[in-house]
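The values are calculated or read from the model by the stated rules, or taken from the named source; none is laboratory data. These numbers come from a predicted model, not from an experiment. Cβ placement follows ideal geometry from the backbone for every residue including glycine, while neighbour counts extend to all protein chains displayed.
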Amino acid sequence: MSDVSSRDKKQSWFYTDIVKDHFFNPRNFMHEEVDETQYNAIGKVGSPACGDELRVWMRVDPQTERILDFRWKTFGCGSAIASTSMASVMVTENRGMTLEEARKVKPQDIMARLGGLPERKFHCSVLCDKALRDAINDFYRRSDQFDKIVVEASRIIDPVSKVTDHDIEEAVLEGAHTIELVQQRTKVGIGNPGCLPAVEELIRFYKEKYFG
Ligand code: FES
């Protein structure tokens, strides 16, 4: 786990052999034209951090809710390709995870299996984590299990600059780990300093969530 975050600035662009392997030989990549009728859970997410997009298609056993097949396509970078490839292996190995097990997979788990990612590439593994969650919700929506859908609604933190908790999350993922850096990116609290304690708390929360 020593290099999971590759915090050493000298090694900040270090890629492990596992990352390179999954980048050059992506597993479960959707090469062919997609026939969406073959899948019963579809997820899609775009990254506000870099503008990249990821789509995933899953075939889920309706009885056991195990993931039998997980295919994906992305316009994202090498780290997104390696992360999604690894996630596709993790959720389908050993007869496949159940949807509830898959929901517990965190970006850190994917990075640990990859042997780490450069810190500024963390948001790429978050991208596949979010697409997986979107597909899980899609399965529950199609099967009318609405109580199992988990939606992360965004909340406005600063009504003046209209900055939300998701904006702060993206800033932290992009490496803004202090209030000053988050302010530079988002302008949060500049006309409304009363919200800064809440912003600081969120920075701590997201740092812990993704880098802790
Ligand atoms: S830079 Fe966009 S997904 Fe990695």
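Within region 91-125, being among the β-branched types (Val, Ile, Thr), assigned to a helix (DSSP H, G or I) and more than 15 Å from VAL56 (Cα to Cα) holds for one residue alone: ILE110. Residues that are away from the ligand (no atom under 16 Å from the Cβ) and in a loop (DSSP other than H, G, I, E, B) within region 36-71 comprise TYR39, ASN40, ASP61, PRO62, GLN63, THR64, GLU65, listed in sequence order.
Applying a threshold of 6 Å to beta carbon distances and a minimum spacing of six or more residues, or different chains, the list of pairs starting in region 59-76 at a residue that is assigned by TED's automatic domain parsing to the domain that holds ASN40 and ending at one that is among the hydroxyl-bearing types (Ser, Thr, Tyr) and more than 16 Å from the ligand (Cβ to nearest atom) reads ARG59/TYR39; GLU65/THR98; ARG66/THR98; ILE67/THR92; PHE70/THR92.
Kindly indicate whether any position in region 104-114 is more than 30 Å from HIS177 (Cβ to Cβ) and at pLDDT 95 or above.
no
Filtered by the rule that a residue be buried (at least 21 other Cβ atoms within 10 Å of the Cβ) and assigned to a strand (DSSP E or B), region 72-90 gives TRP72, THR74. Across region 98-148, the qualifying residues are those that are surrounded by fewer than 23 Cβ atoms within 10 Å (Cβ to Cβ) and of a type in the set (Ser, Thr, Tyr), and the one among them that is farthest from the chain's Cα centre (by Cα) is SER143.
Among residues of region 100-118 that are of a type in the set (Asp, Glu), those with a beta-carbon under 9 Å from a residue that is surrounded by 14 or more Cβ atoms within 10 Å (Cβ to Cβ) and part of a loop (DSSP other than H, G, I, E, B) at least six positions away or on a different chain give the pairs GLU100/GLU65. Among the residues that make up region 189-198, is at least one of them in contact with a helix residue (DSSP H, G or I) (Cβ under 7 Å, 6 or more places away or on another chain) and part of a helix (DSSP H, G or I)? Among the residues of region 189-198, at least one is in contact with a helix residue (DSSP H, G or I) (Cβ under 7 Å, 6 or more places away or on another chain) and part of a helix (DSSP H, G or I), which makes the answer yes.
Here is a yes/no grid of residues against (1) in the same structural domain as ARG71 (by TED's automatic domain parsing); (2) among the charged types (D, E, K, R); (3) within 20 Å of CYS50 (Cα to Cα); (4) in contact with a Leu (Cβ under 6 Å, 6 or more places away or on another chain):
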| site | (1), (2), (3), (4) |
| --- | --- |
| ASP129 | yes, yes, yes, no |
| ARG133 | yes, yes, yes, no |
| ARG141 | yes, yes, no, no |
| LYS162 | no, yes, no, no |
| THR178 | no, no, no, no |
| ALA198 | no, no, no, no |
| TYR206 | no, no, yes, no |
